[in-house]
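Here the structure is laid out as structure tokens; the discussion comes afterwards.
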Amino acid sequence: MLLEKINRKNQSSCMALCTLLALTLCGCTVSTKTESDLAGQAVKDIAQKSSQGYQEEVGETREAGSPESPEEVRGPEVPEEAASSARLEEFEEICQDFYEKAAKEGTLAELSAIQELVNRFGEAGYAAVDSKNQVDMTQTDQAVSFCQNAEAGEKGRFTILQVDDAGGFVQYVLQAEEGELYVDQTYFRYEGESLREKASYGYQAEEWQYTPDGYLMFSGQGFSREKYALMLGGEEEHVALRIVPLDEKCRELNREYILPAGYGRNNLFLVDWSEEAFGDLNFYDLFDLFYPMVKGQPLPYEMAENLEKGAVYRIPRQEFEEVIQTYISVDSRTLQSKTDYNPQDGTYTYRPRGFYETEYPEYPEPEVIEYRENEDGTLTLTVQAVFPCEGDTRALGHQVVIRLLEHGGVQYVSNQVLFPEEHAGEAWHTPRFTEEEWKEVYGEEE
């Protein structure tokens with residue numbers, strides 16, 4: 001039954017993927033019902049707004065921000081090509097020397113460099129943030145004002161720049177009107193020793209919200225201006241921009257102790273457990289997670305090349321326990337009882353995740369929103385998972401207790417899921433096969 005269910009799921013996914021690939025190779029693009037709808041009046045409106053730079057009836061448009069904001073000092077409308085050139089020249093003046101220096105030093109992906117560029121944009125009057133929401137947004141008051149006015153149905157226009165760690169940034173020009181949000185999105189990238197405009201398109205947000213957590217979230221189908229006339233399919237966009245600042249200590253704790261584990265291919269933060277009762281905590285997933293951290297090299301135990309066969313390894317007790325016990329305080333006897341341990345030769349039976357245990361390719365991002373120092377020296381971190389693909393800043397809430405060790409080490413002491421009440425992580429997580437499920441899919445070990 002398990003194999004039939006998995007096969008139906010994978011056959012459906014593979015058929016959809018193959019159809020999309022075939023149409024793409026033939027020069028076609030799949031058009032969904034949503035895209036057809038957007039191909040009507042809504043898209044025409046978006047294209048018109050984009051071509052005008054969202055500067056309709058300037059006298060009647062409520063601008064978010066101070067009179068000195070970049071939006072308000074650019075003067076009267078100019079043709080789109082000239083406006084694009086002027087915009088590129090302005091950005092070059094702000095960040096060309098930064099990119100030259102960071103590219104030469106190889107620091108484009110470093111948080112300190114990203115923070116520097118975000119600050120530069122802020123000093124130039126722009127609201128700016130990084131793509132992973134790890135630094136506070138600049139021009140926060142203006143951004144909050146725009147979001148609140150947009151929620152109230154007022155007309156307004158605002159620009160936000162989002163810096164990535166690959167040598168580029170996105171410019172979002174947001175137009176709010178009667179509760180709707182229109183997006184003009186342009187991607188700039190530093191390459192060939194110069195800043196270049198790489199892609200630009202506009203769309204109406206199908207969904208958008210300014211959340212109680214201080215996020216502006218929106219999603220929609222992005223259509224490039226170049227392909228608009230051909231009505232080719234759009235690219236699905238899911239954007240989450242943290243507007244309200246977050247405590248820097250919370251950010252530091254998140255980067256050090258929560259982000260490295262994350263929510264991918266493990267249930268460390270998805271189930272309730274403690275050092276007294278480990279519950280459904282999967283130690284094999286933790287072995288995969290912790291091995292590179294402990295050994296300083298990739299996990300060598302790979303899935304079988306033949307997807308219809310499962311790989312099986314025997315891992316020496318010392319190796320397996322060293323990896324787990326570095327981050328989890330669990331004695332050998334308890335660990336052996338929670339896994340497939342072979343006392344005859346002192347090894348752990350290990351079956352790597354296979355093709356049928358793959359997960360949804362998008363994961364939420366954790367944020368530590370509160371922390372507490374406990375009397376026993378541990379720390380309790382309250383964490384929320386932000387999931388742009390689902391338009392949800394509260395996809396998961398949990399409390400993690402950690403124990404800080406000498407020389408910068410850490411042990412995870414417990415986890416308690418706060419919400420949802422059940423099926424935490426269901427949107428992205430695929431549980432690892434149990435021994436029985438593995439045998440049902442792959443058969444008995446040879």
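Read-outs: derived from the displayed coordinates by stated rules, not from any lab. Treat the numbers as computed from the prediction; the structure is a model and nothing was measured. Every residue, glycine as well, gets a Cβ built from its backbone with ideal geometry; the counts of neighbours run over all protein chains shown.
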At what distance in nm do the modelled label points of Glu178 and Glu235 sit from each other, each positioned 7 Å from its Cα along Cα→Cβ?
3.0 nm
Residues in segment 341-358 near a label at Met303, defined as backbone nitrogen under 11 Å from the 7 Å Cα→Cβ point?
352-358
Output wanted: per-residue J couplings in Hz (rounded whole) for segment 419-429, from phi through Karplus 6.51 cos²θ - 1.76 cosθ + 1.60, θ = phi - 60°, x for Gly and Pro.
6, x, 5, 8, 6, 4, x, 4, 5, 9, 8
Dipole of segment 378-446, positive direction: furthest Cα of Pro388, His429, Leu404, with charges on the beta-carbon
Leu404
The answer for Ile243, listing residues at least 5 apart or on another chain whose modeled amide H is closer than 5 Å to its amide H, is Tyr215, Leu216
Would you mind getting me the FRET efficiency between Ala86 and Ser194? Use the beta-carbon distance for r and R0 = 22 Å, nearest 0.05.
0.85
What order, most packed first, do the peptides 144-153, 420-429 have when packing is the mean number of other Cβ atoms within 10 Å of each residue?
144-153, 420-429
Test of understanding: extend the Cα→C-beta vector of Thr378 to 7 Å, then name every residue of segment 410-435 with backbone N under 15 Å from that spot.
410-417
Quick one: net charge of Glu367's neighbours, Cβ under 11 Å, K/R +1, D/E -1?
+1
Order by protection proxy (mean Cβ within 10 Å, highest first), peptides 87-100, 166-179
166-179, 87-100
By the C-alpha gyration tensor axes a ≥ b ≥ c (rounded if a/c is under 1.5, else prolate when a/b exceeds b/c, else oblate), the shape of segment 328-446 is oblate
Want the number for Leu259 to Thr107: 0.36 nm per residue separation, take away the alpha-carbon distance, what's left?
52.7 nm
Could you run the Karplus curve 6.51 cos²θ - 1.76 cosθ + 1.60 with θ = phi - 60° over segment 95-107 and give me ³J(HN,Hα) per residue in whole Hz, x for Gly and Pro?
10, 4, 5, 4, 5, 4, 5, 5, 5, 5, 8, x, 10
Zone residues, segment 295-326, relative to Asn342, backbone N less than 17 Å from point 7 Å out along Cα-to-Cβ
301-302, 310-321
Between Phe98 and Ile369, with labels modelled 7 Å along Cα→Cβ, what's the label distance in nm to one decimal, could you check?
2.9 nm
With a cut-off of at most 16 other beta carbons within 10 Å, and DSSP calling the residue loop, which chymotrypsin sites (Phe, Trp or Tyr not before Pro) in segment 254-342 qualify? Please list them.
Tyr301
Using R₀ = 56 Å, calculate the FRET efficiency as 1/(1 + (r/R₀)^6) where r is the Cβ-Cβ separation of Glu322 and Gln209; round to 0.05.
0.75
